[in-house]
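The values are calculated or read from the model by the stated rules, or taken from the named source; none is laboratory data. If you're wondering where the values come from, they're calculated on a predicted model, not measured in any experiment. Heads up, the Cβs are rebuilt from the backbone with ideal geometry, glycines too, and the neighbour counts pull from every protein chain shown.
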Amino acid sequence: MAKLNLVLLAMLVACSLGLVTSQHKARKLFSDLEREQERARNLDIEYGQLQLEASTWGLHSRVEKIAGVALGMRAPDLRRVRLVNRETGTK
């Protein structure tokens, strides 16, 4: 009977250690998950800000202003502009 009690006690200790270990791993994984979700939220915010910045950089008025001020470009004289029609159909 004493041997049975010792075997059962050893099994109880082993199961208890397994339970503690698995709970510790679960808590650590949950903590990692929370951290990565926060990082994903921050990256989403940064992505939105970068999209807004990119759309601002490409505004026609901004490009036209830089072309005129920084590069000295201007619109061509309308008398020198020729419109060319695109050919339609096959030869």
Going by what's in this entry, would L12 be described as free of Cβ contacts under 8 Å to residues at least 24 places away in the same chain and assigned to a helix (DSSP H, G or I)? yes
Checked R27, R62 against criteria (of a type in the set (K, R) and modelled with pLDDT under 90); the one match is R62
Restricting attention to the range 58-74, which residues are in a helix (DSSP H, G or I) and exposed (fewer than 10 other Cβ atoms within 10 Å of the Cβ)? H60, S61, V69
